[in-house]
Amino acid sequence: MTQSTRYPKLFTPLDLGFTTLKNRVLMGSMHTGLEETENGFERLAAYYAERARGGVGMIITGGIPPNFEAMGGGAKLSTPEEAAEHRIVTEAVHAADPGVKFVMQILHSGPMARTPLCVGPSTVKSRVSPFTPNALDEDGIEKQLSDFANCAAMAKLAGYDGVEIIGSAGYLLSTFLVERTNQRDDQWGGSWENRKRFPLEVVRRVRAAVGDDFIVIFRIAAMDMLQDGLAWEEVVDLAKGVEAAGATIISTHFCWHEAQVPTIATMVPRAAFTSVTGRLRKEVSVPVITSNRINMPDVAEAVLARGDGDLISMARPMLADPYLVQKALEGREDEINTCIACNQACLDHTFSGQVSSCLVNPRACNETLLDEAVTPQPQRVAVVGAGPAGLAYAVEAAKRGHKVALYDAAGEIGGQFNLAKRIPGKEEFTETLRYFRRMIELHSIDLHLDTRVDASLLKRGVYDRIVVATGIEPRKPDLEGVDHPKAVSYIDVIMGRKDVGQRVAIMGAGGIGFDVAELITHVGTSAAMDVDVFAKEWGIDFTNHPRGGVTGVTPEVATSGREVTLMQRKTDPVGRGLGKTTGWTHKLTLQRRGVRMINGVEYLRIDDEGLHARVNGEPRLFEVDTVIICAGQLPKRDLYDQLVSEGMQAELIGGAFEATELDAKRAINQAVRLAVQVG
Ligand code: FAD
Ligand code: NAP
Ligand code: SF4
């Protein structure tokens, strides 16, 4: 099958009148944090140029503030000198592929800017910002408008093909639109006509500053996910106004940062929100972009075929695999390194002030640091353990031309990912395993499954380099009754090898404790696999589209009916160590299912009565049928110790190197960085 029959819609060019997009896929805007690092523009140039070579039709940069108060630091664009720095990036992208359209996002964070000088329509503080905004007066509003126009003009000077104006998410423009943040009674507030005035004026000023032959995208909050967000009629009216004011394209966005609905995390079904874009598309004549959890070409094609958008925005999927579009074009979809929507190395990094990257692709944003050179001196490498660390090392080394043998005691590759993929909401992990399986084939890695390796197998002299990626062993706490029949390991529970009773204590509230709680309280279809189930679980009404898209009623959540207590010894709030941008969703889901969370627990013993403990010093008996032990992990180093005792050299990676606070992000990152050093 040729690509044109496989993805006829995806690869149809889009004529914008003055210019043409070569296909329907764009890389959505993501802040990388590179602008603020040493050699940041050179690193950005390499990062975007690689995505341009990867076949995408349009790239939108991370948000660039038009002035200081818009962000509070960061690489603003308001002067020709600053525009000259951006030229490093625009030239690299256009040199990589002159057919790619490169668009800069203008981001005015408004009340969310990281500065006490931040501004807004009124002095209403954002729940997710430490600062109360300064209410703009008439002069202040005029300054912001002309700074937007100036920034767009500077973007044109810098060599961009267009700008995107973000009018959603709780940033400045969206705070003018809704009454919760716009409490003015002048021409910029009060009635809907007045509240929409500022965003529309921004579009008009930007269009006037850049002329006709320049792409202007407006990002609209098609669903704010807030009860007092925009009504559907307001969304439509705004879209029409934006079109009339000169926008070339409208991009649909879903959520404010303050919203309590997950919109991009891994428990969100693929393409969950596109029907809303489809409805808006019927109301305007400019092309409309849809987005959110569209991570594979077949999903994108189906969305276009349904008429749910003219263009597909894929942001994180382009971090995970810059060549996604090219691979789809050439029928190599099974080689796509799929974004699993974990947020662990991208958004979690952004929100903690680190440079973004990607859990499944640590080269993302590190293109200048992790080269892809092929070695002139291939080595014979044995990798023991085909979990994420061993897989990543083996594939990176093989790509570079080394001769790699990969061993695992299990009958399938993946290590602990074979446990993770069984957790409802983590179905995407199977894609990573599919990718690695294909890479093993493609790079002729000599795979030995069902092979428990000992030192005798790795005979001296056969390999130039031995890499031990044998992972972890679950920690068994030193506790009376830990071998009691009520006590079971998380592995047995996840693999369905042990029955779990009605009343359950989970000992350990780390990532695995939370996942086990999810598994044993879950019932029915996974929300990640069904938009209706997802909508019901999070109170979204796609059909009637109430204000903000949400019902406002606390959703009734289905549960297995088990009484579950999730506990930890630390006195910190339970769940503090979970992902910055996703932890709250896991916690809220379990709380809605009635899972109790207790900290400050001292475990005493397990016996026929249940789990005996002291909670904040007070004795307490948890009368449970099952105690699931999720008490962390220890490095599995038996093979390594054996090799060392026999005088053989080996490298440790992943959990075998360090089990404390290990996750797949660290395992894969360490593996790739070491494999690059092999030469
Ligand atoms: P492992 O995955 O443990 O792999 C080690 C491999 O070595 C195994 O396949 C084993 O069979 C093999 N092996 C051991 N000894 C030998 C031997 N002598 N010979 C041959 N083979 C051997 N991380 C995240 O980042 N995000 C998540 O959302 C996430 N969710 C998780 C959910 C669950 C339920 C679990 C259990 C883990 C989760 N993790 C998550 C953690 C992540 O899976 C681990 O950090 C990662 O798998 C560690 O990789 P590794 O390669 O070091 O070890
Ligand atoms: P973890 O996050 O380190 O949690 C271990 C838990 O066990 C903690 O609650 C700890 O809390 C408790 N504990 C430690 N020693 C104990 C002992 N001797 N007796 C009783 N309890 C003890 O590890 P994990 O849950 O096993 O997860 C392993 C790794 O996989 C994690 O690092 C995590 O990042 C990763 N993972 C990530 C996700 C994700 O969604 N991102 C999901 C699953 C797993 P106290 O010491 O306070 O009791
Ligand atoms: Fe996707 Fe996770 Fe990579 Fe972010 S870190 S791009 S969510 S796979």
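Brief remarks on what is shown
- Some residue of the range 50-63 being β-branched (Val, Ile, Thr) and in contact with a Gly (Cβ under 8 Å, 6 or more places away or on another chain): yes
- ARG547 out of contact with any His (no Cβ under 6 Å at 6 or more places or on another chain) and more than 24 Å from PHE622 (Cα to Cα): yes
- The range 621-679 - residue that is on the phi > 0 side of the Ramachandran plot and more than 9 Å from ligand 1 (Cβ to nearest atom) and, of those, surrounded by the fewest Cβ atoms within 10 Å (Cβ to Cβ): GLY647
- Extreme residue, nearest to ligand 1 (Cβ to nearest atom), among residues of the range 431-450 that are over 32 Å from the mean Cα position of the chain (by Cα) and among the acidic types (Asp, Glu): ASP450
- Cβ-Cβ under 6 Å pairs, at least 6 apart or on other chains, the range 357-370 side assigned by TED's automatic domain parsing to the domain that holds ILE340 and closer than 13 Å to GLU50 by Cβ, far side away from ligand 3 (no atom under 13 Å from the Cβ) and in a loop (DSSP other than H, G, I, E, B): ARG363/LEU370
- Restricting attention to the range 171-216, the residues that are out of contact with any Asp or Glu (no Cβ under 9 Å at 6 or more places or on another chain) and charged (D, E, K, R) total 10.
- Looking at GLU367, GLU372, just one residue is under 23 Å from the mean Cα position of the chain (by Cα) and surrounded by fewer than 21 Cβ atoms within 10 Å (Cβ to Cβ), and that residue is GLU367.
- Among the residues making up the range 112-123, a single one is farther than 15 Å from PRO199 by Cβ and in contact with a Lys or Arg (Cβ under 7 Å, 6 or more places away or on another chain): SER122.
- Criterion (over 24 Å from the mean Cα position of the chain (by Cα), more than 16 Å from ligand 2 (Cβ to nearest atom) and surrounded by 20 or more Cβ atoms within 10 Å (Cβ to Cβ)) met by exactly one of ILE466, ILE506, ILE494, ILE472: ILE466
- Any chance LYS125 is under 26 Å from ASP224 (Cα atoms), out of contact with any helix residue (DSSP H, G or I) (no Cβ under 6 Å at 6 or more places or on another chain) and surrounded by fewer than 17 Cβ atoms within 10 Å (Cβ to Cβ): yes
- Here the range 1-45 is the region considered, the condition is being surrounded by fewer than 23 Cβ atoms within 10 Å (Cβ to Cβ) and of a type in the set (A, V, I, L, M, F, W, C), and the residue that is nearest to ALA305 (Cα to Cα) is PHE11.
- Any chance THR585 is within 16 Å of ligand 1 (Cβ to nearest atom), under 30 Å from THR554 (Cα atoms) and under 28 Å from the mean Cα position of the chain (by Cα): yes
- Selection of first residues in the range 61-77 that are more than 18 Å from GLY159 (Cβ to Cβ) and of second residues that are part of a helix (DSSP H, G or I), restricted to Cβ pairs under 6 Å at least 6 apart or on distinct chains, gives the following pairs, ordered by first then second residue: ASN67/ASP147.
- Residue check, GLN568 surrounded by 15 or more Cβ atoms within 10 Å (Cβ to Cβ) and in the same structural domain as VAL381 (by TED's automatic domain parsing): no
- Out of GLY278, GLY241, GLY229, GLY211, one residue alone is on the phi > 0 side of the Ramachandran plot and either small (Gly, Ala, Ser) or within 16 Å of ligand 1 (Cβ to nearest atom) (or both). It is GLY211.
- LEU419 being more than 27 Å from MET648 (Cα to Cα), within 30 Å of the chain's Cα centre (by Cα), away from ligand 2 (no atom under 16 Å from the Cβ) and in contact (Cβ under 8 Å) with a residue 40 or more places away in the chain: no
- Residue in the range 276-292 that is within 16 Å of ligand 2 (Cβ to nearest atom) and of a type in the set (Val, Ile, Thr) present: no
- Matching residues, the range 351-383, being away from ligand 2 (no atom under 16 Å from the Cβ) and either assigned to a helix (DSSP H, G or I) or polar (S, T, N, Q) (or both): SER356, ASN361, ASN366, THR368, THR375, GLN377, GLN379
- Among the conditions (1) within 14 Å of ligand 3 (Cβ to nearest atom); (2) closer than 19 Å to ALA52 by Cβ, the only one that ASN343 does not satisfy is (2).
For every residue, the table says whether it meets (1) out of contact with any helix residue (DSSP H, G or I) (no Cβ under 7 Å at 6 or more places or on another chain); (2) over 28 Å from ALA410 (Cβ atoms).
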position	(1), (2)
ARG497	yes, no
MET507	yes, no
ASP530	yes, yes
PRO555	no, yes
THR559	no, yes
LEU566	no, yes
PRO573	yes, yes
GLY579	no, no
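- So THR277, is it under 22 Å from ALA527 (Cα atoms) and more than 20 Å from the chain's Cα centre (by Cα): yes
- Identity of the residue in the range 394-424, crowded, with 24+ Cβ neighbours inside 10 Å and assigned to a loop (DSSP other than H, G, I, E, B), that ends up farthest from ligand 3 (Cβ to nearest atom): ASP408
- Residues in the range 150-172 that are in contact with a Pro (Cβ under 6 Å, 6 or more places away or on another chain) and small (Gly, Ala, Ser): 1 in all.
- Filtered by the rule that a residue be not polar (S, T, N, Q) and not in a helix (DSSP H, G or I), the range 653-679 gives ILE653, PHE657, GLU658, ALA659, GLU661, LEU662, ASP663, VAL678, GLY679.
- Residue match in the range 624-644 (condition: within 13 Å of ligand 2 (Cβ to nearest atom), acidic (Asp, Glu) and either under 17 Å from ARG503 (Cα atoms) or out of contact with any helix residue (DSSP H, G or I) (no Cβ under 7 Å at 6 or more places or on another chain) (or both)): no
- Residues satisfying the stated conditions in the range 375-393, i.e. surrounded by 23 or more Cβ atoms within 10 Å (Cβ to Cβ) and out of contact with any strand residue (DSSP E or B) (no Cβ under 6 Å at 6 or more places or on another chain): GLY385, GLY387, PRO388, ALA389, LEU391, ALA392
The values are calculated or read from the model by the stated rules, or taken from the named source; none is laboratory data. Given the structure is predicted, the values throughout are model-derived calculations rather than measurements. Every residue, glycine as well, gets a Cβ built from its backbone with ideal geometry; the counts of neighbours run over all protein chains shown.
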